[in-house]
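S.K.: Quick one: structure below, then a few questions.
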Amino acid sequence: MTRSMRASSLAIALAVALLSTGASAVASPPASDPSRAAARPGLAPAGAEGTYLDEEGNVLSMRGQDADLVAGSALLLGCTPGNGADYPHYTAPDVSGHGTYVKGTCTNNTAKVYNCLYEWYTDGTWRRKSCSSTVTVTAGGGAGNRSNARHVCHSTSQLISWRNHEDVDVIGEIDDSNRPYRQANVYCVVN
C-alpha cells in the first residue's frame, strides 16, 4: 500500500512539473514510419499548426502562439511577458534566432530566456534543430542581452519555413508558460 502511494505521489508530482513548464515528451512513432522517412524540409502552408518533434523524434507539447498575438492575450496566471523572439534569419553560414525579455505585464526587470529553432517538414512536423543556452537578461534586449540559437545550413538553395520559439522565466515573479514564436522563410536547409 505504501509503495503504491509513493508511486502515485511521484506520478502526480511529475505531471504537475510537466504542466507547470508547459513541456512534455511522448514516444515518437518508430523510425521505420514511412511518412516520417519520406518527409523533407519545405514551406509551411499558411496557418500551419503541425506537430513539434525534438531531435530524437519525440513529440513535444508546445503552448506557443505567434509572438505578434501575445500582446492581446488574456492574463491567465501571474504576469504575461511580451515576447522578444526575433524572426529566424540567415547569418552565414547558419540559420539563427534570438530571444530577449520584454516586460509585457510583468514588473521585474530580469528574466531567464532561451529559444529554439524549428524547421518545417512536409509531413506536417516542426523539427527542433537547435536551442540556445539559458541566459539571464534584463528587459530590453540588444547585443549581449539575449539568447541565441544557431544551426549550420547544409544548403542555401531552397526557401524553408522556420520558427523561433522563446521561453521566458521572469525572476521573482510568476509568469505564464507560453512559448510564443516568430516564423519566417529562410534560404536554409538543415537535414
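S.K.: Taking all protein chains together and a probe of 1.4 Å, list D123, D169 from the most accessible to the least accessible.
M.R.: Output order, biggest surface exposure first: D169, D123.
S.K.: Here's something else I'd like to know. List the residues, sorted by chain then number, that are 5 or more residues from H151 or on another chain and whose placed amide H is less than 5 Å from its amide H.
M.R.: V95
S.K.: For segment 92-150, with all protein chains present and a 1.4 Å probe, just round the carbon and sulfur fraction of the accessible area to a whole percent.
M.R.: Reported share for carbon and sulfur atoms: 48 percent.
S.K.: Here is a follow-up. Can you give the local net charge around H151? Use residues other than it whose beta-carbon is closer than 12 angstrom to its beta-carbon, Lys and Arg +1, Asp and Glu -1.
M.R.: Within the 12 Å Cβ shell, the charges total +1.
The values are calculated or read from the model by the stated rules, or taken from the named source; none is laboratory data. Predicted model only: the values in this text are computed from it and were never measured. Please note: Cβ atoms are built from the backbone with ideal geometry, for glycine as well, and neighbour counts cover all protein chains shown. These accessible areas exclude ligands, DNA and RNA; they are computed on the full protein's heavy atoms, side chains included. Shrake-Rupley method; radii C 1.70, N 1.55, O 1.52, S 1.80 Å.
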